[in-house]
Amino acid sequence: MPRMRLRPKARLPWPAAAFARHCWAGAAVEFALVGMALAMFMLAIVNLGMLGFTVGALVHGVQSAARAAAVQTANTYATTEAITCPSKSAIIGYFNEYADPPLPAATGTTSNPAVISTWSDNGGDAVTSEPPGVYLTLTATYLWVPIGFAAFGTGINLSITTVATVTGSAQAASTC
Amino acid sequence: MLIRRRLAAARRASASVDFALTSTFVLLPMLLGGADYISVISAQAQLNTALQSLYYFAYTNPSAASNSTDAGYIIALINGASIYKITLPATMSSGKANASISYGCFTPPSTTITYQSTACTASQTQQTLVTYQVKTTVSLPFPLPALSNPLPLSASGTVQIQ
């Protein structure tokens, strides 16, 4: 029975033919190719975890900072009968205290993260369509850039906003 | 037939083929699902924060806690700066009106509380509670077959105000 020829000889030019004959370190070459992609996948999964951690810290920072500012205002009002709201820099300080780590320290409304605070006053419920009293609207934004992928994009914008009302301020006549 | 035998006999680049199959059907879907998951938890975080704002509003203004105009104004303030647009539906999923007041009643020395929508009798001790529900939708960056897109999310809770 004639022997079946499974692999007809390919006519390759000299350097390619010489390269194709060598099977040494084939697995290493394959691992080098596959390993890069696999490392990217693993880095992406690590980044997903870091992003979740960052979102959690941002939420905690905003909620806690707003509440701390509102409670401080309520305490001051209870003792002095005057509404004295914490300054923007004091609120940023609260945020930094609660959101670090993993977020870097905020310094203002244009830093990364940025903290934007606005006090509103509706003492005596003068405007019926708005909640009575003094309240703080606090927003923190953070441009999150994934580790190892900075060259592929500009990152993801994260933003959390909360409103904290000041206890006992519904009839407060003074403003911040 | 010849081609099939040649392919079956070939062992070169088998790891690359394995990886291509694995990454296409396992790793890549996991990664895309992870991106969707992050979008969802970001929106849910904003939703929970909005709900907490309503809790604080209710604590500090018990007499206005059921005022849906005031509650809606707080949500509007949040929407002014938020990526996600939150709504305060007039009717909650339970069928009750949003920002509805309910009462927990018990007659001492018994501590068994009965929850009802009407005020307690004069001989009973009364707890006043308010229930809020907020909703939003999130557009998934990579829609998956099992999930609707945009994905509706909601958060609801009851807080004692008096």
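We did not get these values from a lab; they are worked out from the coordinates using the rules stated. Quick caveat, the model's predicted, so the values are computed rather than measured. Quick reminder, even Gly has a Cβ in these numbers, built from the backbone with ideal geometry, and neighbours come from all protein chains shown.
Observations on the model:
- Ranking of B:LEU129, A:LEU138 by count of other Cβ atoms within 10 Å, fewest first: B:LEU129, A:LEU138
- Using alpha-carbon coordinates, inclination of helix A:88-99 to the longest axis of chain A, degrees: 50
- Residue by residue along A:66-79, Cβ atoms of other protein chains within 10 Å of the local Cβ number 1 on average.
- For chain B, built as a Gaussian network whose Cα springs stay under 10 Å, the top-fluctuating residue of B:SER102, B:SER39, B:SER117: B:SER117
- For A:SER89 and B:LEU32, a Förster radius of 56 Å and the Cβ-Cβ distance give a FRET efficiency of 0.85, rounded to the nearest 0.05.
- Descending principal axes extents, chain A, alpha-carbon based, whole Å: 107, 30, 24
- Relative contact order (percent, whole number), chain B, Cα cutoff 8 Å, 6+ residue spacing: 24
- Computed extension length for A:THR175-A:PHE53: 40.2 nm, one decimal, from 0.36 nm per residue of separation with the Cα-Cα distance subtracted.
- Taking other C-beta atoms within 10 angstrom as a stand-in for reagent exposure, A:PHE53, A:PHE95 fall in the order A:PHE53, A:PHE95, fewest first.
- Fraction of the pair-distance distribution of the protein assembly as shown above 31 Å, Cα-Cα pairs, percent: 52
- For the stretch B:80-157, diffusion coefficient by Stokes-Einstein and Kirkwood Rh (Cα), 25 °C, 0.890 mPa s, µm²/s: 159
- Mean separation of Cα contacts under 8 Å (6+ apart) over length of the stretch A:21-176, as relative contact order %: 24
- What you get for chain A, charging only the Cβ of Lys and Arg (+1) and of Asp and Glu (-1), is a dipole of about 2040 debye around the Cα centre.
- Whole-Å distance, taken between Cα centres, linking the stretch B:74-112 and the stretch A:53-75: 22
- A Förster radius of 51 Å combined with the Cβ-Cβ distance from A:ALA18 to A:THR110 puts the calculated FRET efficiency at roughly 0.25.
- Screening chain B for DSSP H helices whose Cα atoms reach 15 Å or more along their own axis and whose mean Kyte hydropathy is at least -0.5 gives B:28-60, B:68-81.
- Taking only the C-alpha atoms of chain B, Rg followed by Dmax gives 26.1, 94 Å.
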